[in-house]
Structure formats: structure tokens, C-alpha cells
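The values are calculated or read from the model by the stated rules, or taken from the named source; none is laboratory data. Given the structure is predicted, the values throughout are model-derived calculations rather than measurements. Please note: Cβ atoms are built from the backbone with ideal geometry, for glycine as well, and neighbour counts cover all protein chains shown.
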Amino acid sequence: MLDISLVRSTLASHYDLTPSPELAASMSDIYDRMDRVVSPPDWAIYAPYVKAINELKKKRNAVILGHNYMTPEIFHGVSDFVGDSLQLAIKATEVEADVIVQAGVHFMAETSKILSPDKIVLMPDMAAGCSLAESITAEGVEEMRAKYPGAPVVSYVNTTAEVKAASDICCTSSNAVQIVNAMEAETVIMTPDQYLAQNVANEADKNVVYWPGSCIVHEQYTAQDLRDFREWNPGTRLIAHPEYTPEVVAEADLSGSTSGILKYVTDEKPEKAMLFTECSMASNIADNLPEVDFVGPCNMCPYMKRITLEKILYVLHTMEGQVEVDAEVAEKARHSVQTMIDLSKKLGL
Ligand code: 13P
Ligand code: SF4
């Protein structure tokens, strides 16, 4: 468990992290990317961290891979590459740095380490887990195989390395339908997200059976809630992540992965949009889309929100928080992730 007082005292003795409106003003090129959602006083607090992290990245030959659910000061201030789970997994195979800092949750850092075993992968807070990844173990995968003999196992990337290793292939929310359809068998096992699996089943040509896991962020609303949101703010486009129930997805105007959501609002530029996904998603895209009014809701992922500028600076400074994956597990897991990446590229996704 990360000792936050140790983090603070270590940083205080090496960096001047006093809020500074002057420094903030001198970094206006970075602030311009987020000034619709981050206030000037908050930017004065973040600026010393952003400066220290960006300098340290050069010294360590490090890159930061930031998921779309990071807060704006991480997403716009220090991330070298941003994107959804699939985009970040692909980026991990391409970057030439010695060090990857994963600004996201633990399974994403593990995925980067699996794909880049020779790089140092740093996790700013090891306790940044995921309710989906925690819902299934490798034994659970074997249980499903015993129940549905011969059916291939497609596991969401939101899983541990052991579960990936026990699976035939991985998928993300942006390629799940195509990956399932590409399986030769008639029945396909999906783990661990029951709702993603049901949404895939509605679109794919396969008989999809699934593990009963769920995401605590995306199971919060019902279809009735969406109807109430529509009534509360008429004319708003409702866009839901496929980790929501099929009823919510059916009620929404569109469903997509975080990159699918970004593409939709960028292409369509609706006057008003409600994103049914993690809260920071809308904040991160708001500055580039001044025409769109992003109206609530705002559900935070408590795991994603464990990642802060302070913790990123600390792991880059100390090189603590290195992610390790057992070599044998990593080799099998790499096969599942790489097969997904290769298939996605072949399918033009
Ligand atoms: P995507 O970015 O792949 O849509 O995943 C969403 C998610 O919940 C990751 O934790
Ligand atoms: Fe896991 Fe849900 Fe958080 Fe994504 S939003 S990391 S799926 S708990």
C-alpha cells in the first residue's frame, strides 16, 4: 500500500511544488488544451507537478500512456499517448522508451508489461484495480471451459495476466463483436463482463455464453434512468458504453467504446451530449469540441481516480511501482493479446 505521507515528504525534499500562478502562466500552451474544464487556480496547483513530470520523463526516457478516464491534468498535461484500452495496448508495442508509466488501472499496466517485457512498466498506484478484473480467476475460465467443451474463450482485456493466459484471445469494447464473429465455433465464451457479452450477443452471429462479472461504474443506471435524463434535458444525445446493460444500450442513441464515443461526438457534433461512461471522458474531450455542450451524468471510477499527478511524479522519481508478470504466464497472455491486436489490424479496426 502506497504511503501517501512518504510520497509527500519525498517529493517535498526534491521539488518545489508550491502552487504558482506565474509558472502556470508560462505553461499556457499546455493549459490551453484544458482551459474549458480546469480553472486557473487549479492549474496553478497542477503546473509545478506537470513541469517536474515532463522534465523527469526526458531524464528517464519514459512515456506516459494515459487512458481516456484520466483526469484532464493527467490526460492533457503529461500523457504522451492517450486512448482507449485497444489503442494503449497497441501503443505499448510501438513506443521506443525505456520506461512506460501507465496512467490507467493495473490490468492496463500488466498488458503493457506482457507486450513489452524488456521495458520497465511503472504503476503509480498498485491498488488501482478494476471490478471486472477482480471478478474472475484462471480457475473461473477453466470452469467455463468444462461447462462448454470446445468453445473458445474470448476475455476482455479488463482481466489479470493469469486470466488472459488461460484464454484463447482477448478483446476490448471496440473490437469485441468482430473478434467473437471471427471465432470458428458456434458457441463462444466471453469473460468477465456479462453486459458487454450480452451486447455483443445482440450484434454477433454466435451463441455467446458469459461469466457474470460487471463494471461498478457502468452498471449504475437503468433504462428508466436514461428516459428520465431525456425528459430532464430534452434534445440531448445519449451515448452509452457497452459495459452498460443491453436495456440501457437499447435506450441510448449510440453505444461505443471510449474511442467510439469520441469518434461519434467529433463527427456528429451534437448540440448537447450525455456520455454514459466514466466522468473524465467528457472533460477530456470538451476543449476540442467547443460546439458540444456536455451535460451530466458524472460517475467516477474509484480505481482510475487513484492515479494522480503526485503519484506519477513519485514513481518516476523513485522508480518504485514496477509491474512484474511471471514469465510463463506472460508468454501465454501475450499470445492472447497479440492475437487480438493482429486480428484487429487485419480487420482494419
Ligand atoms: P475502453 O477504453 O476500451 O472503452 O474501456 C473502458 C474501460 O472501462 C476501461 O476500464
Ligand atoms: Fe474497471 Fe469499470 Fe473502472 Fe473501467 S470503469 S477500470 S471497467 S471498474
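The residue that is surrounded by the fewest Cβ atoms within 10 Å (Cβ to Cβ), counting only those in segment 143-163 that are within 16 Å of ligand 1 (Cβ to nearest atom) and without any contact (Cβ under 8 Å) to a residue 60 or more places away in the chain, is Thr160.
Output yes when any residue across segment 196-205 is farther than 16 Å from Thr339 by Cα, assigned to a strand (DSSP E or B) and not small (Gly, Ala, Ser), and no when none is.
Of segment 196-205, the ones farther than 16 Å from Thr339 by Cα are 196-205.
Going one step further and asking which of them are assigned to a strand (DSSP E or B), we end up with none.
No, there is no match, as no residue in segment 196-205 is farther than 16 Å from Thr339 by Cα, assigned to a strand (DSSP E or B) and not small (Gly, Ala, Ser).
Restricting attention to segment 226-264, which residues are assigned to a loop (DSSP other than H, G, I, E, B) and touching a helix residue (DSSP H, G or I) at 6+ places or on another chain (Cβ under 8 Å)?
First pass over segment 226-264, keeping only residues assigned to a loop (DSSP other than H, G, I, E, B): 233-236, 241-245, 252-253, 256-257.
Thr236, His241, Pro242, Glu243, Tyr244, Thr245, Ala252, Gly256, Ser257 - these are the residues of segment 226-264 that are assigned to a loop (DSSP other than H, G, I, E, B) and touching a helix residue (DSSP H, G or I) at 6+ places or on another chain (Cβ under 8 Å).
Just one of the numbered conditions (1) farther than 21 Å from Glu243 by Cα; (2) within 16 Å of ligand 2 (Cβ to nearest atom); (3) of a type in the set (A, V, I, L, M) is not true of Ile120: (2).
For beta carbons closer than 6 Å, sequence separation of 6+ or different chains, a first residue in segment 75-99 that is under 18 Å from Pro124 (Cα atoms) and modelled with pLDDT under 95 and a second that is in a loop (DSSP other than H, G, I, E, B) and not polar (S, T, N, Q), the qualifying pairs are Ser85/Val157.
Just to be sure before I move on: is Glu328 of a type outside the set (A, V, I, L, M), more than 30 Å from Met183 (Cα to Cα) and at pLDDT 95 or above in the structure I sent? Reasoning before the result, please.
Numbers: of a type outside the set (A, V, I, L, M): yes; more than 30 Å from Met183 (Cα to Cα): no; at pLDDT 95 or above: yes.
Judged against the criteria, Glu328 is not a match.
Elements of the type helices (runs of 4 or more DSSP H) sitting completely within segment 9-79 and holding at least 1 residues that are more than 25 Å from Val295 (Cα to Cα) and of a type outside the set (Phe, Trp, Tyr): these cover 21-26, 28-31, 40-60. Filtering segment 179-186 for residues that are among the aliphatic types (A, V, I, L, M), out of contact with any strand residue (DSSP E or B) (no Cβ under 6 Å at 6 or more places or on another chain) and either modelled with pLDDT under 95 or part of a loop (DSSP other than H, G, I, E, B) (or both) leaves a non-empty set.
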